[in-house]
Amino acid sequence: MTVRFGVIGTGAIGTEHIRRVEHRLSGGKVVAVTDISLEAARRCIDTLRLDAQLYESEDELFQDPSIDAVIIASSGPAHEGSVLKAIGAGKYVFVEKPLATTTDGCVRIVQAEARTGRRLVQVGFMRRYDPGYRALKSEIQSGRYGAPLMVRCVHRNAYVDERYTTEMAVLDTLIHEIDIVRWLMEDEFDSVQVLYPKSTRHAHARLKDPQIFNFFMQSGVVVMAEVFVNCQYGYDIQCDVVCEDGVISITSPQFLDILHAGLRSHPLMQDWKLRFADAYDAELQDFIDHVECGDGPRGPSSVDGYIATLVGDACVSAQTSKGWVKIPQIRDPNLGGF
Ligand code: NAD
Ligand code: NAI
Ligand code: ISE
């Protein structure tokens, strides 16, 4: 069976995901698209020469019985409404992070999915599919380096535009670290504190940049995560796990080593598209494969999306409250979900 996709949101990553379903992955076909900007949807169809229906609203797209699954790649605040309608229409859902921008919105999604009695939702936490993070997890689990004590994360973007604010750094950017640290360490967050170093001259008035988020995990491990989204030089993702008997770090994939004019250099990736290309391919292929065989997605779940937003909410409180903020009970026993 071919999984027939409808795509909601044909901006930067929506277009990338359509390209990969159509040209790189197997078992999927994009049959319909929509975007709140019909101009963006039309441009996507033209640029990728798609043989796909353009719907003027997501409601029409959800009513199309030939669509098996949707990719939701609209801006974060639009996700909740679209995911709930998709579940109501009985479609499988691949939704970009964050699952929803409020904890209550995530709860509504988890509960709506649970009421259907089957798993329908996968969240786009693609780092779980990245070869570097997978190798790191397997080294941690080998026990060869003793117990982990500290984790140092760095998340740098070359630049962001004027729409990106101090608060957005949490659910837009840091949320990747929140999810990957839970997954790597098999541990939950306990408390968070935010530090603001001197701000870069490249940040605009509504953005403090960089920001440092310090966490205690429930096990006592300390996580230090830097978010710096106007670093100018490129896209730079780092993660070091300091253990009792050694340090394990991921390295960025590098394609070139250039000797020129008295210097040895490595060109740096400029954004997420290339850095995580293999991970995006793998997460969507995994989604297609599990939808195709009828057992529903097995990747990051709506509960993972809920926990990431819950921790994110505490980080946003910590941004304005100087001290440590306790993270509420991670897993509400009444939540349900898969
Ligand atoms: P974008 O602004 O380029 O694209 C968003 C698109 O969604 C736009 O075309 C916009 O018109 C459309 N849109 C917004 N609200 C909509 C609605 N209610 N209905 C239909 N369409 C709507 O943004 P982007 O960079 O592609 O990011 C989109 C999503 O992907 C975000 O959730 C973002 O967090 C996520 N993202 C994830 C990664 C990653 O590494 N996993 C990377 C980039 C973006
Ligand atoms: P974008 O701004 O390029 O695209 C968003 C698109 O969604 C726009 O075309 C916009 O018109 C459309 N849109 C917004 N609201 C909509 C609505 N209600 N209905 C239909 N369409 C709507 O944004 P980008 O960078 O593509 O990000 C989209 C999502 O992908 C975000 O959730 C973002 O967090 C996530 N993302 C994830 C990345 C990752 O590494 N996993 C990388 C980049 C983005
Ligand atoms: C973007 O939405 C992503 O998810 C990227 O991976 C991240 O690096 C960037 O900061 C976000 O804006």
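The values are calculated or read from the model by the stated rules, or taken from the named source; none is laboratory data. Please read these numbers as outputs of a predicted model, since none were measured by experiment. All Cβ positions, even for glycine, are placed from backbone atoms using ideal geometry, and neighbour counts span all protein chains on display. Areas reflect the complete protein model, heavy atoms only, side chains present, ligands, DNA and RNA absent. Shrake-Rupley method; radii C 1.70, N 1.55, O 1.52, S 1.80 Å.
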Task: Odd one out for residue 105 among (1) within 16 Å of ligand 3 (Cβ to nearest atom); (2) touching a helix residue (DSSP H, G or I) at 6+ places or on another chain (Cβ under 9 Å); (3) part of a helix (DSSP H, G or I) - done: (1)
TODO: Give the residues of segment 211-230 that are crowded, with 22+ Cβ neighbours inside 10 Å and not aliphatic (A, V, I, L, M), sorted by residue number.
DONE: 211, 213, 215
Open item on the list: Any residue in segment 27-50 that is basic (Lys, Arg) and more than 9 Å from ligand 1 (Cβ to nearest atom) sitting within a Cβ distance under 8 Å of a residue that is part of a helix (DSSP H, G or I) and open to solvent by 20 Å² or more (accessible area, probe 1.4 Å)? List the pairs, counting only those 6 or more apart or interchain.
Closed with: 29/22
TODO: Considering each residue of segment 237-259, count those that are open to solvent by 30 Å² or more (accessible area, probe 1.4 Å), modelled with pLDDT of 95 or more and not β-branched (Val, Ile, Thr), and give that number.
DONE: 5
Task: Failed condition for residue 122, given (1) more than 14 Å from residue 180 (Cβ to Cβ); (2) of a type outside the set (A, V, I, L, M); (3) more than 16 Å from ligand 2 (Cβ to nearest atom) - done: (3)
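Could you go through segment 156-175 and let me know if any residue there is assigned to a strand (DSSP E or B) and either in the same structural domain as residue 229 (by TED's automatic domain parsing) or away from ligand 3 (no atom under 11 Å from the Cβ) (or both). Working first, answer last.
So in segment 156-175, the residues assigned to a strand (DSSP E or B) come out as 156.
When the remaining residues are screened for being either in the same structural domain as residue 229 (by TED's automatic domain parsing) or away from ligand 3 (no atom under 11 Å from the Cβ) (or both), the result is 156.
Yes - at least one qualifying residue is present in segment 156-175.
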- [ ] Go through segment 29-56 residue by residue and tally those that are outside any helix (DSSP H, G or I), closer than 24 Å to residue 122 by Cβ and within 12 Å of ligand 2 (Cβ to nearest atom).
- [x] 5
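Return the residues of segment 89-110 that are within 16 Å of ligand 2 (Cβ to nearest atom) and over 19 Å from residue 312 (Cα atoms); say none if nothing qualifies.
Of all residues in segment 89-110, those within 16 Å of ligand 2 (Cβ to nearest atom) come to 89, 91, 93-102, 105-106, 109.
Across segment 89-110, the qualifying residues are 89, 91, 93, 94.
When the residues of segment 1-28 are filtered to those that are part of a loop (DSSP other than H, G, I, E, B) and either hydroxyl-bearing (Ser, Thr, Tyr) or modelled with pLDDT of 95 or more (or both), which remaining residue is nearest to residue 70 (Cα to Cα)?
Of all residues in segment 1-28, those part of a loop (DSSP other than H, G, I, E, B) come to 1-2, 9-11, 24-27.
Now narrow it down to the ones that are either hydroxyl-bearing (Ser, Thr, Tyr) or modelled with pLDDT of 95 or more (or both): 2, 9-11, 24-27.
Numbers: 2: 14, 9: 10, 10: 12, 11: 15, 24: 18, 25: 16, 26: 16, 27: 14 Å.
So the residue we want is 9.
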Task: Residue identified as among the charged types (D, E, K, R), buried (at least 16 other Cβ atoms within 10 Å of the Cβ) and more than 16 Å from ligand 2 (Cβ to nearest atom) among 113, 80 - done: 113
Open item on the list: Given the criteria farther than 23 Å from residue 308 by Cα, buried (at least 17 other Cβ atoms within 10 Å of the Cβ) and not β-branched (Val, Ile, Thr), does residue 269 qualify?
Closed with: yes
